[in-house]
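I have a structure I would like to understand better, so I am pasting it below and will then ask my questions one at a time.
What follows is calculated from the coordinates using simple rules that are stated; it is not laboratory data. Computed from a predicted structure; not experimentally measured. Every residue, glycine as well, gets a Cβ built from its backbone with ideal geometry; the counts of neighbours run over all protein chains shown.
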Amino acid sequence: MRRERAIELTKLLSRLYFVKRDYATLEKCLSKDITWIGTGRGEICRSFKEAQEHFQEEKEIYTGSFLLSNEEYQVQFPAEHVVCVLAEMDVRTPHQAELVFDEHMRFSVIYRKEGRRWKIIHLHNSMPDKAQEGAAYLNERRGRRDYRFIKEAAAEMAATRIDEVRKMDSLTGIFNMEGFVEHAEVILKEHPDRPYAILKFGINQFRYINHILGYRTGDHILREIASNLEKLCEEGEICSRIEKDNFAILMAYEDREALDRRINSFKEKFVSQETEETLNISIHFSGGVCLIEPGNKESVKRMLDKAMLAQHYRSTRRRLEDDYIYYDPEIERCQLREQELVETARFAMKRDDFKMYFQPQVCLDTGKVIGTEVLVRWVKPDGRIVMPDEFIPVFETTGFIKTLDFYMLEKLCASMRRWLDSGYHVPPVSINQSRLHLEDRKYVEEFCGVVDRWRIPHDLIAFELTESAFTEYNEMIQRLAAELHNRRFRLDIDDFGTGYTALGLLMLIEPDVLKMDRSLTANFENPKGQLVLKKLIEIAKETHTAIICEGIETREQVEYFRALHCDIAQGYYYYRPMPETAFEEQVLRAEDIVWRNVGECSKES
Ligand code: C2E
Ligand code: CA
Ligand code: CA
């Protein structure tokens with residue numbers, strides 16, 4: 001809040017209180033945990049309810065409105081989201097009033113931002129000492145309290161309020177990290193024999209939710225979670241918003257089973273089904289748990305760190321079944337090893353140790369090459385070739401895959417440019433792209449940027465995305481698909497048949513190609529597998545989606561899939577992935593190859 005606004009608000013407040021005597025509106029400006037001190041009649045209100053009662057009494061004693069003059073205001077900013085205004089003014093009753101009141105009044109108000117509103121959390125109104133003597137309007141019924149005591153109490157209360165506010169999260173009204181740590185330390189000290197756990201969790205893809213639905217909705221979701229968390233906390237338990245979309249709960253537990261049951265029941269209660277339905281999204285969480293056995297001497301900060309490590313481990317391993325995992329020292333060691341691998345990879349990338357291998361895709365009908373997939377290989381300085389399975393999963397968890405994917409795209413485009421300039425008939429190349437890119441808003445733009453910089457026609461690039469990405473990134477994939485198709489890129493769904501994506505959902509994005517996974521094509525002799533294959537192929541045909549059969553290794557497979565009118569095959573039977581030079585010599589330069597696009601191939605068969 002700016003200075004002028006704080007003054008304006010306080011002027012309004014003094015008018016509501018002294019002139020309009022509009023207590024109903026005044027109450028709306030009060031925070032639910034207001035403390036209100038009036039030295040005039042010696043009242044101390046420690047809650048909203050007490051303040052209301054006090055207003056009721058006041059209304060009966062002072063009737064009519066007051067006149068204000070000589071107003072002066074000073075503004076202070078003692079903490080973030082806290083404003084303190086000191087006001088002074090002359091307050092008097094009109095001459096004809098029965099109860100004569102003519103005093104110089106002072107009051108200080110502390111405002112705190114609660115959600116989008118500024119609310120009063122503390123108010124202390126007072127009169128200079130001399131005015132206390134024999135003032136006729138003082139409430140004799142309740143008796144005069146020690147004026148000095150009240151003054152000191154007010155000052156202390158104000159200081160505590162400001163200190164408290166510093167430990168609260170202004171968006172949600174629950175503790176922030178500082179408040180959580182401080183209160184958790186106290187609770188743990190008070191219950192040294194009780195097992196406790198810290199659950200820390202965050203919303204998956206919160207950035208995306210903010211981006212799609214807007215920050216206001218994002219804030220709304222955070223506030224809802226906070227308020228639900230407070231309800232879930234029992235006596236001696238606390239919750240907090242640690243930062244952004246990350247929350248923590250300190251919870252007591254009897255045994256692991258009961259704790260698991262409770263955490264599992266929590267997940268459905270963080271955000272109401274109603275909210276999810278209204279916003280048309282499903283919100284998922286990833287969490288980490290740190291168990292605090294009795295006698296644990298670690299600081300709460302360290303425990304929170306451990307819960308966070310587990311949470312991070314969970315959120316980067318999307319395939320794990322549970323939404324949360326327990327901290328284990330092995331997690332820390334594992335993350336260290338992963339970081340080391342990424343450091344080595346960064347260095348290797350500078351040395352250009354990551355190479356492109358190409359595996360041609362063949363039209364089942366004609367046996368001609370109609371495209372190729374580019375696959376990465378890490379060639380160590382001693383010539384040893386490291387296969388992607390050994391490093392891609394780690395790159396996925398650390399996020400380094402995004403760097404590698406762009407590096408490969410850059411290399412691919414550079415080579416394609418060279419092939420085009422050499423007059424080769426360049427086939428479409430499909431490139432694997434990690435699902436992690438989906439979280440980046442400008443991803444398609446950046447992808448396009450690279451392709452356009454090398455002046456590669458968009459229909460020569462096929463974008464491969466694995467089916468498993470659908471479980472989590474459904475909404476994002478729909479946008480991505482539309483963006484890619486708008487720019488005339490081909491979209492291939494990789495590892496098709498391994499996930500459990502509803503086919504209807506998948507077809508909604510109108511992919512150009514379904515790449516049938518090796519696990520399906522290998523199963524072609526099993527009757528049940530055959531049934532699945534036939535159904536899938538039928539649907540693909542009906543929707544004019546081409547099928548690439550992956551992992552074709554035998555003549556039997558070729559015949560089987562050709563008979564089913566599958567379009568394209570990729571596998572060792574035809575070609576193994578080969579280095580760039582080999583691809584140029586054996587495939588690009590071979591004279592009898594006629595390139596066609598997948599669409600043509602699928603239409604003819
Ligand atoms: P993928 O996209 O499913 O690639 C096909 C994998 O199957 C390749 O393994 C390929 O060598 C292998 N393959 C092809 N034909 C046959 C066959 O007939 N029989 C058998 N047994 N295997 C066959 P590769 O090259 O080891 O790649 C493994 C995975 O690594 C890829 O699976 C892909 O998901 C990922 N990957 C590779 N390069 C990249 C990349 O540049 N970026 C990203 N994000 N992922 C990549
Ligand atoms: Ca692939
Ligand atoms: Ca695949």
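Note down all Cβ pairs under 6 Å where the first residue falls in region 152-167 and is free of Cβ contacts under 8 Å to residues at least 12 places away in the same chain, the second is acidic (D, E), and they're at least six residues apart or on different chains.
none
Continuing with the same structure: For M308, which of the numbered conditions (1) on the phi > 0 side of the Ramachandran plot; (2) part of a helix (DSSP H, G or I) fails to hold?
(1)
Another question, then. Taking the conditions exactly as written (under 26 Å from D305 (Cβ atoms) and among the β-branched types (V, I, T)), does T398 satisfy them or not?
yes
Please determine, by comparing only the residues of region 470-510 that are within 23 Å of N523 (Cα to Cα), more than 15 Å from ligand 2 (Cβ to nearest atom) and not hydrophobic (A, V, I, L, M, F, W, C), which one is surrounded by the most Cβ atoms within 10 Å (Cβ to Cβ).
Checking each candidate, the answer is T501.
Something else now. What is the residue count in region 74-91 for residues that are in contact with a Ser or Thr (Cβ under 8 Å, 6 or more places away or on another chain), touching a residue at least 24 places away in the same chain (Cβ under 8 Å) and surrounded by fewer than 18 Cβ atoms within 10 Å (Cβ to Cβ)?
Residues that pass the stated criteria total 2.
Turning to a different aspect of this structure: Please state which one of G287, G295 is more than 18 Å from the chain's Cα centre (by Cα) and of a type outside the set (D, E, K, R).
Among G287, G295, only G295 is more than 18 Å from the chain's Cα centre (by Cα) and of a type outside the set (D, E, K, R).
Collect the residues in region 428-464 that are surrounded by 19 or more Cβ atoms within 10 Å (Cβ to Cβ), more than 16 Å from ligand 2 (Cβ to nearest atom) and over 16 Å from F406 (Cα atoms), keeping them in residue-number order.
Hit for region 428-464 is L460, nothing else.
Just to be sure before I move on: is N280 under 19 Å from F206 (Cβ atoms) and among the polar types (S, T, N, Q) in the structure I sent?
Yes: the conditions hold for N280.
Filter region 360-384 down to residues that are buried (at least 20 other Cβ atoms within 10 Å of the Cβ) and not hydrophobic (A, V, I, L, M, F, W, C) and give me whichever is nearest to ligand 2 (Cβ to nearest atom).
E373
Please name all residue pairs, on different chains or six or more residues apart, with Cβ atoms under 9 Å, provided the first residue is in region 427-445 and is within 12 Å of I477 (Cβ to Cβ) and the second residue is within 14 Å of ligand 1 (Cβ to nearest atom) and hydroxyl-bearing (S, T, Y).
Close Cβ pairs (under 9 Å, with a partner that is within 14 Å of ligand 1 (Cβ to nearest atom) and hydroxyl-bearing (S, T, Y)) amount to Q433/Y443; R435/T466; R435/S468; H437/Y443.
For region 18-122, give me every one of the strands (runs of 3 or more DSSP E) that falls completely inside it and has 2 or more residues that are over 25 Å from R166 (Cβ atoms).
Per the criteria, 67-79, 82-92, 102-114.
Also, I was wondering about something else. Please work out if Y500 is in a loop (DSSP other than H, G, I, E, B) and more than 15 Å from ligand 3 (Cβ to nearest atom).
Yes.
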